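The values are calculated or read from the model by the stated rules, or taken from the named source; none is laboratory data. None of these values were measured; they are calculated from a predicted model. Cβ placement follows ideal geometry from the backbone for every residue including glycine, while neighbour counts extend to all protein chains displayed.
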Amino acid sequence: MKVERLPPIVSTLKPSNHPYLNGPWTPLLEEVNASDLDVIEGKIPDDIDGLYLRNTENQIHQPLGRFHPFDGDAMIHMISFRDGRANYRNRFVRTRCFTAEQEAGASLWGGLADPAHLSLRPGFGAHGSLKDNASTDIVVHAGKALSTFYQCGEGYRLDPETLDQQGVAPWGPLDGISAHTQVDEHTGELMFFNYSKHAPYLHYGVVDRDDRLTTYMPIPLPGPRLPHAMAFTEHYSILNDLPMFWDKDLLARNVHAVRLHEGLPSRFAIVPRHGGEVRWFEAEPTYVLHWVNAYEDGDEIVLDGYFQEEPMPKPRREAPSGYEHMMAYLDEYSFRPKLHRWRFDLATGRTREERLDDRVMEFGMMNGRFAGRKYRYAFSTISEPGWFLFKGFVRNDLETGATKAFTLGAGRYASEAPIAPRIGSTREDDGYLVSFVTDENTATSECILLDAAHLEDGPVVRIALPHKLCSGTHACWADRTRVA
């Protein structure tokens, strides 16, 4: 492996015992280019050609208050596969806030767990007092990587392979872009939404394959909400109004406290992709962070995602002192998300629901070529109890109900794992799950590929990475044809 290390980033972070500033969440401050990566075990397949990109949160400066892991700055990690070889590089996303804090040599904004007045400068997005760190999501659209923040910020673009910074997406509206934009590989379109604390509170938009905004419309809501993701089918987009959102009375005092509003149902907006009449459907109350996929089935819209059985969990008593509340909201075994299916009947206006798997799982991925279309396989992460860490994967066959699973072993933690389809493949599971793994036993990181059809067999290949990665949130795969 040949490694080129770039000039260091200025950091003022001090050692601490914070559970999400140590171990697998230890911030990585180093940027590198690495070529001809070494193989630990197996052989790099020569039947995939593309890039795996992962977004991570890395705190650079000493926090002003109570650090939350979602406060860290975006760092994109990229591994490129071609002709049985692999290259890697990583870069911080140079957001306006990253640049401002580098110039100041210190933190300028408080975080998610802090009071709004702690920030030293006006903030961004729906919250209004946070740093726009672009550290939540990453997708590839119109040949560019797009990094976004879940509280609605600017969309920051990078060259997918070199990670050269390419500025802010010019089509971004005033209220920003939420994380979890959706890309339809069939049309090349990108669907997005944003939310805010002012009427109409929610907007939906479409950007075409040539990076032009073609649709932008309001989706009026009764008040400020906190949607986290959206889904789409061939002809529709699906947005939501879920009953867990900021407390209205506290929000009037600029206190951003979230609560579950009992008595309110979950509501889903079915919107024609390019605009038109919005139809609302009601369902059982819950909160959903992520959807797997959606598709049309006759008169019905089918939506798969993760129904939380306990959206507002009790504090974790066994957590380190002072972190009991935060640790509960980061622990899937506290809020208990389960793979779930909603069916919205466009003819009758009725909603049907069913549980697809009773295990705790989240962060679902599938073959992107089947996004918005009928599909068969969902791949979810299994989390480490008590932590926001992934220790393995489950494959659900949604036709037969059969499942397969793979776990990494003690002290090894994965990233979200999309499918890299084999060159020329047509079968949905003909490809590899790609994931970065941080090994706390050896203080190293690696990339693994798992055969999507034989998940239980373990890695086809393990590839060494040049440094230990900090954990994070989302990832994507892009075939070479989508980045050329």
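Quick notes on this structure:
- Yes/no for Tyr375 being over 16 Å from Val288 (Cα atoms) and either in contact with a Cys (Cβ under 6 Å, 6 or more places away or on another chain) or not aliphatic (A, V, I, L, M) (or both): yes
- When the criteria are applied in full, Tyr295 fails the requirement of being surrounded by 15 or more Cβ atoms within 10 Å (Cβ to Cβ), without any contact (Cβ under 8 Å) to a residue 60 or more places away in the chain and aromatic (Phe, Trp, Tyr).
- Count - residues of segment 165-195 that are at positive phi and buried (at least 20 other Cβ atoms within 10 Å of the Cβ): 2
- Selected residue [surrounded by 24 or more Cβ atoms within 10 Å (Cβ to Cβ) and either under 26 Å from Asn87 (Cβ atoms) or of a type in the set (A, V, I, L, M) (or both)] from Thr162, Thr148: Thr148
- Inter-residue pairs, beta-carbon under 7 Å, first under 15 Å from Ala113 (Cβ atoms) and in segment 318-333, second crowded, with 20+ Cβ neighbours inside 10 Å and of a type in the set (A, V, I, L, M), 6+ apart: Ala319/Met327
- Residue within segment 307-327 that is assigned to a strand (DSSP E or B) and touching a helix residue (DSSP H, G or I) at 6+ places or on another chain (Cβ under 6 Å) present: yes
- In the set Ala417, Ala452, only one residue is farther than 19 Å from Pro24 by Cα and not basic (Lys, Arg); that residue is Ala452.
- Considering only residues in segment 1-48 that are within 23 Å of the chain's Cα centre (by Cα) and acidic (Asp, Glu), the one that is farthest from Asn441 (Cα to Cα) turns out to be Glu31.
- Among the strands (runs of 3 or more DSSP E) confined to segment 198-258, the ones with at least 1 residues that are acidic (Asp, Glu) and at pLDDT 95 or above are located at 236-241.
- Scope segment 104-145; condition more than 26 Å from Phe363 (Cα to Cα) and of a type in the set (Ser, Thr, Tyr); matching residues: Ser107, Ser119, Ser129
- Among residues of segment 117-139, those that are buried (at least 24 other Cβ atoms within 10 Å of the Cβ), in contact with an Asp or Glu (Cβ under 9 Å, 6 or more places away or on another chain) and in a strand (DSSP E or B), counted: 1
- Residue in segment 275-287 that is of a type in the set (A, V, I, L, M, F, W, C) and surrounded by fewer than 18 Cβ atoms within 10 Å (Cβ to Cβ) present: yes
- For the condition modelled with pLDDT of 95 or more, surrounded by 22 or more Cβ atoms within 10 Å (Cβ to Cβ) and in contact with a strand residue (DSSP E or B) (Cβ under 6 Å, 6 or more places away or on another chain), Glu353 does not qualify.
- If you go through segment 359-378 and keep only what is in a strand (DSSP E or B) and either farther than 14 Å from Ala229 by Cβ or free of Cβ contacts under 8 Å to residues at least 12 places away in the same chain (or both), you end up with Arg359, Val360, Tyr377, Ala378.
- Test: residue in segment 334-349 that is buried (at least 20 other Cβ atoms within 10 Å of the Cβ), assigned to a loop (DSSP other than H, G, I, E, B), touching a residue at least 40 places away in the same chain (Cβ under 8 Å) and under 21 Å from the mean Cα position of the chain (by Cα): no
- Residue list for segment 426-462, filter: crowded, with 24+ Cβ neighbours inside 10 Å, of a type outside the set (Gly, Ala, Ser) and over 20 Å from Met75 (Cα atoms): Tyr432, Leu433, Leu449, Leu450
- If you check Ser435, Ser445 for being within 20 Å of Gly23 (Cβ to Cβ), touching a residue at least 12 places away in the same chain (Cβ under 8 Å) and touching a Phe, Trp or Tyr at 6+ places or on another chain (Cβ under 7 Å), only one passes: Ser445.
- Scanning segment 1-34 for residues that are aromatic (Phe, Trp, Tyr) and part of a loop (DSSP other than H, G, I, E, B) yields a total of 1.
- Any pair with Cβ under 7 angstrom, 6 or more apart, that starts in segment 241-265 at a residue that is under 15 Å from Ala126 (Cα atoms) and ends at one that is loosely packed, with under 12 Cβ neighbours inside 10 Å and of a type in the set (A, V, I, L, M, F, W, C): Trp246/Ala257; Asp247/Ala257
- Any chance Ala420 is closer than 19 Å to Leu51 by Cβ and at pLDDT 95 or above: yes
- If only residues of segment 414-433 that are outside any loop (DSSP other than H, G, I, E, B) and in contact with a Gly (Cβ under 9 Å, 6 or more places away or on another chain) are counted, the one that is farthest from Asp46 (Cα to Cα) is Ala414.
- Positions within segment 264-277 being in a loop (DSSP other than H, G, I, E, B) and farther than 19 Å from Arg352 by Cα, in sequence order: Arg273, His274, Gly275, Gly276, Glu277
- In this structure, Ala100 does not qualify as over 19 Å from the mean Cα position of the chain (by Cα), surrounded by fewer than 22 Cβ atoms within 10 Å (Cβ to Cβ), more than 30 Å from Ala34 (Cα to Cα) and free of Cβ contacts under 8 Å to residues at least 24 places away in the same chain.
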